[in-house]
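Here's the structure, in structure tokens; my notes come after.
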Amino acid sequence: MDLGLSGRTAFVAAASHGLGRGVALGLAAEGCDVGLCARDGAALDAVAGELRAAGVRAVPTVADVTDAASVHDAIQRTVEETSRLDVLVVNSGGPPPGRFEEVGDDGWRKAYELTLLSAVHLVREALPALRRSDAASVLFLASTSVKQPLDNLLLSNSLRAAVNGLAKSLAKELAPAVRVNSILTGRIRTARTEALARHNHPGADVKDVLAGGAADIPMQRFGSVEEFARVAVFLSSPAASYVTGVALPVDGGLIQAAG
Ligand SMILES: NC(=O)c1ccc[n+]([C@@H]2O[C@H](COP(=O)([O-])OP(=O)(O)OC[C@H]3O[C@@H](n4cnc5c(N)ncnc54)[C@H](OP(=O)(O)O)[C@@H]3O)[C@@H](O)[C@H]2O)c1
């Protein structure tokens, strides 16, 4: 199936590692030019090299998504260098773990800036260029915690619900010009899932913790970044032209199992 992404441009936020990097590579494999940002310039340049090796233009910009000015620069550079923007992938790092009595106001403010305000910055900066596309879409990389809170991830559980509200509101406000969808990410193996396994089970072997974490997933395993990226690329693409306002779990059946 031709996804219709060839010759188009996407901007993928927080794309130096993990899910963002995987989605950027998936878009490039379809012939889509990619602007990308993250804070670590060396890691970002390495991903840009992988994108160029796939035969597309890459526009990497060091930017912290909590900083509106740097998000502005990153998206403007992408639009200037590729002359268009068709797809925005909203992503950021995850807020730190913690339970209610461990988190103070400062932690709440930082998590709000990282998870919700960053999404506002990205959509605001991308929207004028997206409106000029004949097949514009925004994809939020969210979490199954929107449906089922995750243990020890109070900040993420709370703020993802706000991002979900933003995504659903935008799907209606921006239609028919811009499609807006979300992926409710389950357990996908990345540096973050490994860091959380170490945090939640100090001293235990990460492999054992992840095997335990797979037990209640109907598919009996964590997902791979490539499996995740295939769904993200499809939802972002013109091939999904009649899909908007959707929050699609990519979770090996976990939400179904939870109930
Ligand atoms: N993996 C999962 O199973 C899973 C499940 C549910 C939800 N999620 C959520 O999905 C998102 C991505 O997860 P992941 O597993 O890909 O994490 P990851 O492997 O830790 O990668 C996070 C990426 O975000 C970038 N980043 C972090 N803070 C940033 C900031 N302030 N500005 C710009 N870039 C920033 C990091 O690059 P720099 O450090 O270079 O900035 C890195 O490229 C997170 O919000 C996570 O909570 C993941």
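The values are calculated or read from the model by the stated rules, or taken from the named source; none is laboratory data. Given the structure is predicted, the values throughout are model-derived calculations rather than measurements. All Cβ positions, even for glycine, are placed from backbone atoms using ideal geometry, and neighbour counts span all protein chains on display. Calculation scope for accessible area: heavy atoms of the full protein, side chains included, ligands and nucleic acids excluded. Shrake-Rupley method; radii C 1.70, N 1.55, O 1.52, S 1.80 Å.
Numbers below:
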{"read-out": "Accessible-area order (highest first, 1.4 angstrom probe) of the listed residues D86, D216", "value": "D216, D86"}
{"read-out": "Protein accessible area in the stretch 198-250, 1.4 Å probe - carbon and sulfur %", "value": "59 percent"}
{"read-out": "Among P176, P218, P202: highest mean-square fluctuation, GNM of the chain, C-alpha pairs under 10 Å", "value": "P202"}
{"read-out": "V246 accessible area, assembled protein chains, probe 1.4 Å, Å²", "value": "50 Å²"}
{"read-out": "Alpha-carbon centroid distance for the pair the stretch 15-71 / the stretch 88-134, whole angstrom", "value": "18 Å"}
{"read-out": "Cα gyration tensor shape for the stretch 148-259, rounded if a/c is under 1.5, else prolate or oblate", "value": "prolate"}
{"read-out": "Under 15 Å from the Cα of K147 - aspartates and glutamates, other chains or at least 8 residues apart", "value": "D251"}
{"read-out": "Cα gyration tensor of the stretch 27-97 - equivalent ellipsoid semi-axes, whole Å, descending", "value": "20, 15, 11"}
{"read-out": "For D105, solvent-accessible area (1.4 Å; no DNA, RNA or ligand), Å²", "value": "110 Å²"}
{"read-out": "Proximal charge balance of V62 [Cβ under 13 Å; K/R count +1, D/E count -1]", "value": "-3"}
{"read-out": "Spacing of the two label points (7 Å from each Cα toward its C-beta) at A46 and R99, in nm", "value": "3.6 nm"}
{"read-out": "The stretch 1-127 - percent relative contact order, Cα under 8 Å, separation 6 or more", "value": "25 percent"}
{"read-out": "Sequence-separation-based contact order of the chain, relative, with Cα cut under 8 Å and 6+ spacing, percent", "value": "20 percent"}
{"read-out": "The stretch 1-94 - percent of accessible surface contributed by carbon and sulfur, probe 1.4 Å", "value": "47 percent"}
{"read-out": "Taking the stretch 1-72 and dividing mean pair separation by its residue count, relative contact order in percent (alpha carbons under 8 Å, at least six apart)", "value": "29 percent"}
